[in-house]
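Nothing in this text is a laboratory measurement; each read-out follows from the coordinates by a stated rule. Bear in mind that the values here come from a model prediction, so they are computed numbers and not experimental data. Every residue, glycine among them, receives a Cβ derived from its backbone with ideal geometry; neighbour counts consider all protein chains shown.
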Amino acid sequence: MSIFTNDTNSILRLGVLGGKLAHTLSPKIHADLLKQQGIRGTYEKYEMTRTEVDGLFSFMDENGITGLNVTLPYKEVLYHMVDVPDDAAEKIGAVNTILRKDGVSYGYNTDYIGVTSMFAKAGVDLSGKDVVILGSGGASRALIYGFHQKDAKTITIAARNEAAKRALKESFPYIETSTLENIPSGDVIINATPVGMYPNTGKSAVDAPVISRFAIAADIVYNPLVTEFLRIAEENGLKIVTGLMMLVDQAIGAEEIWLEKKLDYHMGNKIHDELAGRF
């Protein structure tokens, strides 16, 4: 039975936890998703210091908060704090969604759901594909997990940080690694670095000779919607996959957890298109 019923007197209290949240799109996304379902709920921004995060679960209980999304810099912190992390969070080593139920904190990671749904909606079947991920930061872990779940043939991390690549290889023994100067050819190349993100637009982690060796290019940066990396890819005839849908669909994944029911991921298309107009 769901922890939340559509009792006319009940309000579902949700929110997002992070260090700096002035520009987060999560409140608008979740307001739209809840409205489509006819659910009365609130979704607030909770900016906290590292010390304040230590008291998070008491804060949730005192304020009747059922669930939270978690963003920078607390995804790894919350992974170590929750009582019960799910399998994806265990493997990725980070939590982006929290459910508080009967005094127990449950941690999940829906980032990998967002990225795989992003490709599915773009008509890209990842099965059997040779995938190259640019970057060895925290975001790459969810991408590796998601691509492996979708039966990618090979997954290569291309980055400069040798220590980070070794750590990823320990967590995900099935991946390959390369430098940015020795990237293998493949089917899909995805940027998991902040290069090209607003306000530092007009930059790409790799240039046209590398990008042109692939058929599909994707970026998890969504501001601007079409980054310099994707602009170069499109100019060279690649199919491009923009990153905003990842943000929307990881939010739907979070609501499935909080509401304890399956949702139609197409419900995110309208808010995606509305937000895309901003970028």
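Descriptive notes on the structure:
- Calculated from backbone phi, Karplus (6.51, -1.76, 1.60) coupling profile of the stretch 66-73 in Hz, x at Gly/Pro: 7, x, 9, 8, 10, 10, 3, x
- Using alpha-carbon coordinates, inclination of helix 162-171 to the longest axis of the chain, degrees: 60
- Within straight-line cross-link reach of Lys75, lysines at Cα separation under 18 Å, skipping those fewer than 8 residues along the same chain: Lys20, Lys45, Lys91
- Under 5 Å, built H, 5+ apart or other chain: amide partners of Thr177: Ile157
- Within the chain, antiparallel bridges make up roughly 20 percent of the DSSP beta bridges whose residues both belong there.
- Principal-axis tilt of helix 26-37 within the chain, Cα atoms, nearest 10 degrees: 60
- Normalising the average separation of contacting C-alpha pairs (under 8 angstrom, six or more residues apart) by the number of residues puts the relative contact order of the stretch 105-170 at 36 percent.
- A simple charge model with +1 on the Cβ of Lys and Arg, -1 on the Cβ of Asp and Glu and nothing else charged puts the dipole of the chain at about 360 debye relative to its Cα centre.
- Between helix 111-121 and the chain: long-axis angle, C-alpha atoms, 0 to 90°, nearest 10: 60
- Local net charge near Ile232, Cβ-Cβ under 13 Å (Lys/Arg +1, Asp/Glu -1): -2
- Converting phi to 3J(HN,Hα) with the Karplus coefficients 6.51, -1.76 and 1.60 and the offset θ = phi - 60°, the stretch 40-47 yields 7, x, 10, 9, 10, 9, 10, 7 Hz in sequence order, with x at every glycine or proline.
- Computed over the stretch 113-242, relative contact order equals 22 percent, with contacts defined as Cα pairs under 8 Å that lie 6+ residues apart.
- Relative contact order of the chain, pairs being alpha-carbon contacts under 8 Å that are 6 or more residues apart, as %: 16
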